[in-house]
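Colleague: Would you mind keeping the following structure in view while I ask a few things?
The values are calculated or read from the model by the stated rules, or taken from the named source; none is laboratory data. Predicted model only: the values in this text are computed from it and were never measured. For neighbour counting, all protein chains shown are included, and Cβ atoms are generated from backbone atoms with ideal geometry for every residue, glycine included. The accessibility values were calculated without ligands, DNA or RNA, using every heavy atom of the protein model including side chains. Shrake-Rupley method; radii C 1.70, N 1.55, O 1.52, S 1.80 Å.
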Amino acid sequence: MSLLGKIFARKQKTKSAMVSLIGPSRAGKTTLVKYMETGEAVTEEFGTTLGIEVRRNSVEISGWKLNAIDTGGQELYQQTFWELAIQQADAVIFVIDATVKEETNKEMYEISKSQFAYALDIVPENVPLLVLLNKQDLTDQNPMGPKDALMIFNMALFQNRT
């Protein structure tokens, strides 16, 4: 069974799933969705996603048809739109801007941490959760790696999740 088959075991017959992307504003959620849709590097900048956007173009990966729900990352949208997007999802991707550091942007750093804690509270334990450290290609900004993220975001809290 493929990795997607294991993640979406209950959807095995249809091979179709809905994935919600949540995370702080400007973390790269829309860019990630655009890359998934086209398979090409995205060089253009996008405006901030306001609210929620159910993407029209599904993505085919290993015989699976994935549809994305792209959500705004502003704190204003968390309670309403994140919860709505998660209710519709078969899996959730929490996108972190790995270049945001406490010493260079304390406000965004704290927002990222609090939004991650909030996501752990609202994503049901039976819904697969992927934490994606985005912007790894920006090596000049020394993005955090998995070990840093494990410590900073206290990811041990979701150790028993899928």
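Colleague: Give me the extension gain from Thr139 to Asp121: residue separation times 0.36 nm, minus the current Cα-Cα distance, reported in nm with one decimal.
Modeller: Full extension of this stretch gives 3.3 nm more.
Colleague: Could I ask something else about it? Placing +1 at every Lys and Arg Cβ and -1 at every Asp and Glu Cβ, with all other atoms neutral, what dipole size does the chain have around its Cα centre, in debye to the nearest 20?
Modeller: So the magnitude is around 800 debye.
Colleague: Related question: If I compute solvent accessible area with a 1.4 Å probe over the protein chains, what percent of it on segment 66-150 is carbon and sulfur?
Modeller: Whole-percent figure for carbon plus sulfur exposure: 50.
Colleague: Next question, about the same structure. Per residue, how large is the accessible surface of segment 53-110? Use a 1.4 angstrom probe and give square angstrom.
Modeller: 52
Colleague: For a 26 Å ceiling on Cα separation, which of these pairs sit above it: Lys65/Lys101; Lys29/Lys65; Lys29/Lys106; Lys113/Lys147; Lys34/Lys147; Lys106/Lys147?
Modeller: Checking Cα-Cα distances, Lys65/Lys101; Lys34/Lys147 exceed 26 Å.
Colleague: Give the cross-link partners of Lys135 among the aspartates and glutamates, using a straight C-alpha distance below 15 Å as the criterion and excluding same-chain residues fewer than 8 apart.
Modeller: The qualifying aspartates and glutamates are Glu44, Glu45, Asp97, Asp148.
Colleague: Quick one: angle between helix 106-122 and the longest Cα principal axis of the chain, in degrees between 0 and 90, rounded to 10, please.
Modeller: The angle comes out at about 30 degrees.
Colleague: Compare the peptides 80-90, 128-138 by average per-residue count of other Cβ atoms within 10 angstrom and give them in order, highest first.
Modeller: Ranked by mean Cβ neighbours within 10 Å, highest first: 80-90, 128-138.
Colleague: Oh, and also: How many angstrom lie between the Cα centre of segment 75-153 and the Cα centre of segment 14-67?
Modeller: Each part's Cα centre sits 16 Å from the other's.
Colleague: Using a 1.4 angstrom probe, figure out how much accessible area segment 1-43 has per residue, in square angstrom, rounded to the nearest whole.
Modeller: Spelled out: the 1.4 Å probe surface of segment 1-43, per residue, equals 58 Å².
Colleague: Nearest 10 degrees, 0 to 90: what angle lies between the long axis of helix 29-38 and the longest principal axis of the chain (Cα atoms)?
Modeller: Helix 29-38 sits roughly 40 degrees off the main axis of the chain.
Colleague: What does the helix-only formula give at 222 nm for the chain: each DSSP H stretch with n ≥ 4 adding -39500 (n - 2.57), the total divided by the residues, and the result rounded to the nearest 500 deg cm²/dmol?
Modeller: The per-residue figure over the chain is -7500 deg cm²/dmol.
Colleague: While we're on this one: Looking at segment 1-55, which trypsin sites (Lys or Arg not before Pro) are DSSP coil and have at most 14 other C-beta atoms within 10 Å of their C-beta?
Modeller: Lys13
Colleague: When the dipole is taken about the Cα centre of segment 105-162, and only Lys, Arg (+1) and Asp, Glu (-1) are charged at their Cβ, what size is it in debye, to the nearest 20?
Modeller: Charge dipole of segment 105-162: 100 debye, to the nearest 20.
Colleague: Right, next: What aspartates and glutamates does Lys11 reach when the alpha-carbon gap must be under 16 Å and sequence neighbours fewer than 8 apart in one chain are set aside?
Modeller: By straight Cα distance, Lys11 reaches Glu60, Asp90.
Colleague: Using a simple spin-label model with points 7 Å from Cα along the Cα→Cβ vector, what separation in nm is obtained for Val54 and Lys13?
Modeller: 2.1
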